[in-house]
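Have a look at the structure below, then the notes.
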Amino acid sequence: MNPNKLRIAIVVIILITCTILSSTLYTLGEDQQALVVRLGAPIGVAAEPGLKVKVPMIDTVIYYDKRLQTLTPQSEQVILGDQKRIEVETYTRYHIVNPLRFYQTVRTFNQAEAQLTQLVSSSLRHELGKVMMKSLLSNERPHIVELIQKEVADKAKPLGIEVTEVRLHRADLPLETSQAIYDRMKSEREREAKELRAQGFEWAQQIQAKADRERAILLSEAQRQSNITRGEADAEANRIFAAAFDKDPRFYKFYRSLQTYRQALADSAPTLVLTPDAEFLRNFKTGPRVDVKR
């Protein structure tokens with residue numbers, strides 16, 4: 001045989017052998033599980049990692065991920081038991097536990113997530129439709145979420161899916177409702193602010209009136225005490241003047257005349273016109289009378 005033809009034949013045989021081996025063997029990773037399908041009919045499930053064997057050209061291997069998957073559907077509006085509307089966002093964690101059942105019911109991940117999204121939405125509406133807003137905002141919320149998770153998990157079992165967690169990522173009022181509530185709260189706060197300002201003005205008026213009243217009382221009391229003190233001083237002065245008058249009437253009369261001069265001249269204009277024989281000028285003419293004791 002021609003050596004070249006022999007080499008070509010050997011290469012062809014090697015290629016055919018490699019092709020057969022590659023279509024006969026397949027590997028399974030740690031995070032994978034596989035369903036072996038023979039001519040469209042599932043014949044077995046491979047869950048342990050390693051090198052596996054299948055019938056070439058007849059068997060088909062469908063790989064599924066063992067790891068937890070996260071489903072985050074779009075937010076949706078739900079009506080609560082008190083007819084209040086809220087917008088809810090959820091997330092669901094699940095993984096495939098029965099590849100055969102999964103293949104028989106939904107086949108692909110896209111179909112599975114679409115089906116699971118419907119289950120979550122249905123359970124969400126069913127459970128939240130029985131509760132009030134105040135319950136959702138209270139300590140009852142974990143129990144409500146637990147009921148939703150249990151219902152979703154029970155409905156997902158026939159799909160070969162195990163749901164490990166369903167949580168409310170966000171539960172808020174719709175934007176238009178939130179805006180209306182915000183506007184109402186704003187107007188309420190403005191009304192309260194006006195009432196507080198009016199109350200503060202009223203209190204200020206009361207405090208001012210009380211202060212004015214106390215001021216008037218203090219001034220009146222001070223004026224009364226001043227008048228009493230002045231009267232007592234005038235009485236004491238009159239007593240002293242009377243005693244001085246009794247002791248020396250002429251000196252007292254002269255002293256009173258000097259006081260009169262001082263007051264009259266201080267309050268008068270630069271020129272004071274009097275008659276020469278006026279009693280007012282008598283002391284200027286003759287001076288005080290003095291008794292000489294021998």
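Nothing in this text is a laboratory measurement; each read-out follows from the coordinates by a stated rule. Since we're looking at a predicted model, the values are computed, not measured. Neighbour counts are summed over all protein chains in view; Cβ atoms, including those assigned to glycine, are modelled from backbone coordinates with ideal geometry.
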Task: Gain on full stretching of the segment that runs from ARG38 to ARG213 - 0.36 nm per residue minus C-alpha separation - done: 52.4 nm
Task: Whole-Hz ³J(HN,Hα) from phi, Karplus 6.51 cos²θ - 1.76 cosθ + 1.60, for the range 148-155, glycine and proline x - done: 5, 4, 4, 5, 5, 4, 5, 6
Task: Hull-based mean projected area of the range 69-178, where the convex hull spans the alpha carbons, in square nanometres - done: 6.5
TODO: Starting from the Cα of ASP172, step 7 Å along the direction of its Cβ; do the same at GLN259; then give the gap between the two resulting points in nm.
DONE: 9.2
- [ ] Tell me the label-point distance for the pair PHE201, GLN115, using the 7 Å Cα-to-Cβ offset, in nm and rounded to one decimal.
- [x] 7.1
Task: All lysines inside 28 Å of LYS66 as judged from Cα atoms, apart from same-chain residues fewer than 8 positions distant - done: LYS52, LYS54, LYS150, LYS155, LYS157
Open item on the list: If I take R0 = 25 Å and measure r between the Cβ atoms of ILE58 and HIS95 in this structure, what FRET efficiency does the formula 1/(1 + (r/R0)^6) give, to the nearest 0.05?
Closed with: 0.25
Task: Under 23 Å from the Cα of LYS194 - lysines, other chains or at least 8 residues apart - done: LYS186
Task: Label point distance in nm, GLU162-GLN74, each placed 7 Å from Cα along Cα→Cβ - done: 3.3
TODO: Find out how many positive minus negative residues lie around LYS134, taking Lys and Arg as positive, Asp and Glu as negative, among other residues whose Cβ is under 12 Å from that of LYS134.
DONE: 0
